[in-house]
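Asker: Handing you a structure now.
The values are calculated or read from the model by the stated rules, or taken from the named source; none is laboratory data. What you see is a predicted model, and the numbers here were worked out from it, not measured in a lab. Neighbour counts run over all protein chains shown; Cβ positions are idealised from the backbone, glycine included. Ligands, DNA and RNA are stripped out before the accessible areas are found, and what is left, the full protein with its side chains, is counted by its heavy atoms. Shrake-Rupley method; radii C 1.70, N 1.55, O 1.52, S 1.80 Å.
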Amino acid sequence: MSEHASPSRAGLAATAFGVPSTERELVAAVSAFRGCPAPGEGLAERLVTGTFNALDQVPLDVRLYVHDLQDTAEKWPALPITLPPTPWQAATLVDDLAALVTGLSAAELREAAEGLALTRGDIALAHDKPVLARLWADDEPLPDAAALPRDRRAREAALLHLFDHAHPREWADEQTAAIRKALLVRLAGLGDALLRVSALPPAHLDWQGDGEGLTALVPVPGALQPLEARVTAEAVEPRPFTTWDEPMWGSPEEPASPGCWRWTVGWRSAGGAFHSEAGSAEASEAAARFGAEQTLVAYAAQASTVRQRLRHRLLVPRQPGTLSMSDPAVLVLGLRELLQAVCDEHRAETSRPEDATGWRVVPHQDDDQECGLVTVLLDDCSLPHPELGDPANTADPADPAFEYFLRSHAVVLTPPARTYLAGLSQAGPGELPLPRRHEAAMRAVFAVGGEAADRLTAETGPLPDRMAWIDLLDVAALEEFLTATEPDQPR
C-alpha cells in the first residue's frame, strides 16, 4: 500500500477518504467508516493491514455485495444461504482472513481483541454461533461445552465471566474459538467497508448542517425540485446487557452511545413536503454520507426516467406536446387495468360495508388529503395523480388540463381508458356509490361509435359466450368477466 504502488483497492479507498495511502491513516479511516475505533499499534493494526492486502487480490471490476464478507465470516466455514447467492470471491477471501488468526496463541488473541476494541457483545455473539464447536477444532467435541448452561443469555454471561477471571493460558478451546471467530467477523466487516468504498468513485457533496442533521442538494436540469439527501443521527434500542457495547478488555476513550446514522434520498413536492425514495441505516456519519452520495449519483445519471416510489411522478416532467411513445419513461394505461382497479375497490367496500361511502370525482385531493375516485384508481394502477396545489387537481378527467398533467409524467391513456375516466363524472356531482359511477363510465365507453366492441375486445379480451358487453355495467358481472379472462387462463 505504498504511495507509488499501482492502483489497488486500498489505494482507491485512500483517495476516496482523502487520506494519504499509508497503512495507518487508511486503517483508521476505514475503521471510522465502519463505526469502529482505530486499532491499536502492533498486532491489531497488522491484522487489519493483512486483511486489506488480501482484498487487493480482488479485481477492480468485481464488486462484492456489501456485507458479503461479514455474513460469510459469521457462518464460516459453512457458506451462508443468501439471495442472490454469495459470490465465490467472498468465501475465498474469508478463508484468507481466517488464516490470519488461525495460528494466533491465546495471548495473541487477547492482544488482538484488545487492540481492535472487540466488545463483550462481539465475543458473546461469536460464541453463540452453532458452528463454533467445529470451527477451529477439526469437528471434535469440545470438552467443556456441556458444562455451560444451555440458555443463550446464560451461556453468554458465563462465557464473559470466564474471560473476566481467567488468564489466556487458562482458556479452553471454546474460549479461544470465540475470540478467533469475533476477530474474523471484525476483520471481514472492515473488509466490507474497504470493498464498498473502493468499488465506486468518490461523489462528494456540499453538505449543510442544521438542527436536525445534514442536507445536500443536487440540481437536475428540467426537474422542478433538486434531488435531496438527508443524514440524521438515530437512536437504537438498548443491547441485551448494559455492558454489551463495552470493550472486553481495556477502557473506551469515551462512553459508548448506541445509535446509528440514517440517510434518505428523495425530492420535495411543490408544497415543500419531502418524499423519501431510498434510504438506509449506517454505523457512521461518513458511511451514511457515502450511501446518500452514491445514491444521488445513480439517480442523477438516470434522472429522465426516475419516478418517485410512492407518488409515481417523474423527477423530470415532460413537455406534453413533445412526448413520444418511444420515451423510455412512458407508461400506458388501458381499460382493463382501470376496470381491475374498480373491482378491487368494490371488493374492499363489500368486505367492509360499514366503511362504504360515496365517491366524488373532483377535487382529486381535498384539504384533508382525502382522495377522489379517479385518484384512487390511478394510485391502484401505480400511476401519478393530481394533488392539492396542482392546477389539475380540480380538473375533470374530460378536461385537457387533466390529460396534460398525466402526459407531463409520461402517462398515456388508451382511448377507452380516457373515455371511461371522463365518463365517471356523467353519473352526477357530489358523492355517489361506486357501482353508479362505474355504470355511467361504461355507458360512455359503449357510446363511442360502431368500433366500440372491437376496441373493447382489444383492450379487455373477448367476452365469454354466456356474456354480453352490456352485462359489464354491473360491477359484480365485471369482476366475473375479469376473473374468467385473466391473461394466464384459457379464454
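Asker: Is it the case, given these coordinates, that T394 is open to solvent by 10 Å² or more (accessible area, probe 1.4 Å) and within 28 Å of L315 (Cβ to Cβ)? Walk me through it before giving the result.
Answerer: Working: open to solvent by 10 Å² or more (accessible area, probe 1.4 Å): yes; within 28 Å of L315 (Cβ to Cβ): yes.
In short, yes.
Asker: Related question: Here is a check on your reading of the model: is L421 at pLDDT 95 or above, within 18 Å of L482 (Cβ to Cβ) and either of a type in the set (A, V, I, L, M) or open to solvent by 20 Å² or more (accessible area, probe 1.4 Å) (or both)?
Answerer: On the way: at pLDDT 95 or above: yes; within 18 Å of L482 (Cβ to Cβ): yes; either of a type in the set (A, V, I, L, M) or open to solvent by 20 Å² or more (accessible area, probe 1.4 Å) (or both): yes.
Criteria met by L421.
Asker: Out of the residues in region 209-265 that are modelled with pLDDT of 75 or more and among the aromatic types (F, W, Y), which is farthest from A278 (Cα to Cα)?
Answerer: For region 209-265, the residue satisfying everything is W249.
Asker: In addition: Within region 39-49, can one find any residue that is assigned to a loop (DSSP other than H, G, I, E, B), hydrophobic (A, V, I, L, M, F, W, C) and either surrounded by fewer than 21 Cβ atoms within 10 Å (Cβ to Cβ) or at pLDDT 95 or above (or both)? Walk me through it before giving the result.
Answerer: Looking only at region 39-49, we keep the residues that are assigned to a loop (DSSP other than H, G, I, E, B), and these are 39-42.
Subset that is hydrophobic (A, V, I, L, M, F, W, C): none.
Looking for residues that are assigned to a loop (DSSP other than H, G, I, E, B), hydrophobic (A, V, I, L, M, F, W, C) and either surrounded by fewer than 21 Cβ atoms within 10 Å (Cβ to Cβ) or at pLDDT 95 or above (or both), one finds none in region 39-49, hence no.
Asker: Another question, if that's okay. Please specify each residue of region 342-366 satisfying the condition of being modelled with pLDDT of 85 or more and of a type in the set (G, A, S).
Answerer: Listed by number, the residues that qualify are A348, G358.
Asker: Which one is modelled with the lowest pLDDT among residues in region 70-94 that are assigned to a helix (DSSP H, G or I) and under 17 Å from A177 (Cβ atoms)?
Answerer: Once the filter is applied, the top-ranked residue is K75.
Asker: A further question on this structure: If you scan region 267-286, which residues turn out to be polar (S, T, N, Q) and either touching a residue at least 60 places away in the same chain (Cβ under 8 Å) or open to solvent by less than 30 Å² (accessible area, probe 1.4 Å) (or both)?
Answerer: Within region 267-286, S269, S284 meet the criteria.
Asker: Tell me whether region 436-453 contains one or more residues that are within 30 Å of A270 (Cα to Cα), open to solvent by 40 Å² or more (accessible area, probe 1.4 Å) and at pLDDT 90 or above. Reasoning before the result, please.
Answerer: Quick first cut of region 436-453, residues within 30 Å of A270 (Cα to Cα) only: none.
No; the residues of region 436-453 include none that is within 30 Å of A270 (Cα to Cα), open to solvent by 40 Å² or more (accessible area, probe 1.4 Å) and at pLDDT 90 or above.
Asker: Identify the single condition in (1) closer than 30 Å to S198 by Cβ; (2) modelled with pLDDT of 95 or more that A278 does not satisfy, given that it satisfies every other one.
Answerer: Condition not satisfied by A278: (2).
Asker: Ok, one more. Anything in region 50-65 that is of a type in the set (V, I, T) and either at pLDDT 90 or above or surrounded by 16 or more Cβ atoms within 10 Å (Cβ to Cβ) (or both)? List them, or say none. Outline the logic, then answer.
Answerer: Here is the first cut: in region 50-65, the residues of a type in the set (V, I, T) are 51, 58, 62.
Matches in region 50-65: T51, V58.
Asker: Taking the stated definitions as given, is A223 under 24 Å from the mean Cα position of the chain (by Cα), more than 27 Å from A54 (Cα to Cα), outside any strand (DSSP E or B) and of a type in the set (G, A, S)? Explain how you work it out, then say what you get.
Answerer: On the way: under 24 Å from the mean Cα position of the chain (by Cα): yes; more than 27 Å from A54 (Cα to Cα): yes; outside any strand (DSSP E or B): yes; of a type in the set (G, A, S): yes.
Taking the combined requirement at face value, the residue satisfies it.
Asker: While we're looking at this one, here's another question. Give me a count of the residues in region 373-391 that are hydrophobic (A, V, I, L, M, F, W, C) and open to solvent by 40 Å² or more (accessible area, probe 1.4 Å). Outline the logic, then answer.
Answerer: Going through region 373-391, the residues hydrophobic (A, V, I, L, M, F, W, C) turn out to be 373-374, 376-378, 381, 383, 388.
If we keep only those that are open to solvent by 40 Å² or more (accessible area, probe 1.4 Å) as well, we get 388.
Final tally of qualifying residues: 1.
Asker: Could you give every pair whose Cβ atoms fall below 9 Å, whose first residue belongs to region 217-229 and is closer than 12 Å to S269 by Cα, and whose second residue is open to solvent by 60 Å² or more (accessible area, probe 1.4 Å) and outside any strand (DSSP E or B), counting only separations of at least 6 or pairs across chains?
Answerer: L224/A270; Q225/A270; P226/P219; L227/P219
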